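The values are calculated or read from the model by the stated rules, or taken from the named source; none is laboratory data. Because the structure is predicted, anything quoted here is derived from the model rather than measured. Every residue, glycine as well, gets a Cβ built from its backbone with ideal geometry; the counts of neighbours run over all protein chains shown. Each accessible area value is taken on the protein alone, full model and side chains, heavy atoms only, with ligands, DNA and RNA left out. Shrake-Rupley method; radii C 1.70, N 1.55, O 1.52, S 1.80 Å.
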Amino acid sequence: MITKKVNNVQEAITGIESGMTIMFGGFGLCGIPENTIAALVNTTISDLTCISNNAGVDDFGLGLLLQKKQIKKMISSYVGENAEFERQMLSGELDVELTPQGTLAERCRAAQAGIPAFFTPAGYGTEVAEGKEAREFNGKMHIMEEAFKADFAIVKAWKGDEAGNLIFKGTARNFNACMAGAGKITIAEVEELVPVGTLDPNQIHIPGIMVQRIFQGEKFEKRIEQRTVRARN
């Protein structure tokens, strides 16, 4: 069995360079690769194109890369709770490609499956469709969307083994599942790394063939983006 294990996050991000396109799993602050993002913040890498549902919050997740002006373009579906993201977008400092959320997910999945493009009705007749091929299917107009082309895909999983097999927990499955294998190199950051043969094959969400590097993260904060509690009686 080929092992995909690397010793630490610094080894995992080897080869990431300025100007590259990188996918980041997660939704808001749920299931984001915290350790990998923090490691990139501590580098001089810049001019990144980031594909992610959103950019987290100002002081955590991709918001940290935005603060250091390491991102030149965001491809996402949601500005979210990140005031710096909003400021950079409105001021023209940051190139932003807003994409319908389902289209964003499918462009990831298409890249994962090796499908170069697909047609979707989402966005037809809006700015999203500008410059894109349109066709009619069953009486309804669709636009063609191309699969993403990313140098790296960085995902976060609950458990993984040294062969790269991954299990996600709850809603942290989100964009992580469709981004794994969607880049030329996939880095998996996991909470628990176990020997091959430990995981139940029936519980594995992503097979190891889609992962090139895997490491065990540490000191996960798992912040809550919007805390909602029930009023006391």
Item checked: Filtered residues of the stretch 16-51 (kept if closer than 30 Å to Thr198 by Cα, open to solvent by 40 Å² or more (accessible area, probe 1.4 Å) and either of a type in the set (A, V, I, L, M) or not in a strand (DSSP E or B) (or both)) -> Ala38
Check: Do we find that Ala55 is crowded, with 19+ Cβ neighbours inside 10 Å and part of a loop (DSSP other than H, G, I, E, B) in this structure?
Finding: yes
Check: Does Leu66 meet the test of being in a helix (DSSP H, G or I), within 26 Å of Gln226 (Cα to Cα) and open to solvent by less than 60 Å² (accessible area, probe 1.4 Å)?
Finding: yes
Margin query: Out of the residues in the stretch 134-167 meeting the condition of being open to solvent by 20 Å² or more (accessible area, probe 1.4 Å) and in contact (Cβ under 8 Å) with a residue 40 or more places away in the chain, tell me which one is farthest from Val9 (Cα to Cα).
Written below: Lys149
Checklist line | Cross-chain or 6+ apart pairs with Cβ under 6 Å, the stretch 209-223 first and charged (D, E, K, R), then assigned to a loop (DSSP other than H, G, I, E, B) | finding: Arg213/Lys4; Arg213/Val6; Arg223/Leu29
Next item on the list: Would you point out which residue out of Gly125, Gly131, Gly170 is without any contact (Cβ under 8 Å) to a residue 24 or more places away in the chain and within 17 Å of the chain's Cα centre (by Cα)?
Entry: Gly170
Checklist line | Failed item, numbered, when Thr120 is tested on (1) over 14 Å from Ile75 (Cα atoms); (2) β-branched (Val, Ile, Thr); (3) within 15 Å of the chain's Cα centre (by Cα) | finding: (3)
Checklist line | Lone qualifier among Glu218, Glu192 - being open to solvent by 20 Å² or more (accessible area, probe 1.4 Å) and either part of a strand (DSSP E or B) or among the small types (Gly, Ala, Ser) (or both) | finding: Glu192
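Looking only at residues in the stretch 89-112 that are of a type in the set (A, V, I, L, M) and surrounded by 13 or more Cβ atoms within 10 Å (Cβ to Cβ), which one is farthest from Gln70 (Cα to Cα)? I'd like the intermediate steps shown before the answer.
Filtering the stretch 89-112 down to residues of a type in the set (A, V, I, L, M) leaves 89-90, 94, 96, 98, 104-105, 110-111.
From the residues that got through so far, the ones that are surrounded by 13 or more Cβ atoms within 10 Å (Cβ to Cβ) too are 89, 94, 96, 98, 104-105, 110-111.
Numbers: Met89: 14, Leu94: 10, Val96: 14, Leu98: 19, Leu104: 22, Ala105: 24, Ala110: 27, Ala111: 25 Å.
Checked the stretch 89-112; the qualifying residue farthest from Gln70 (Cα to Cα) is Ala110.
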Notebook entry, point to check: What number of residues within the stretch 81-123 are assigned to a helix (DSSP H, G or I) and not β-branched (Val, Ile, Thr)?
Noted result: 21
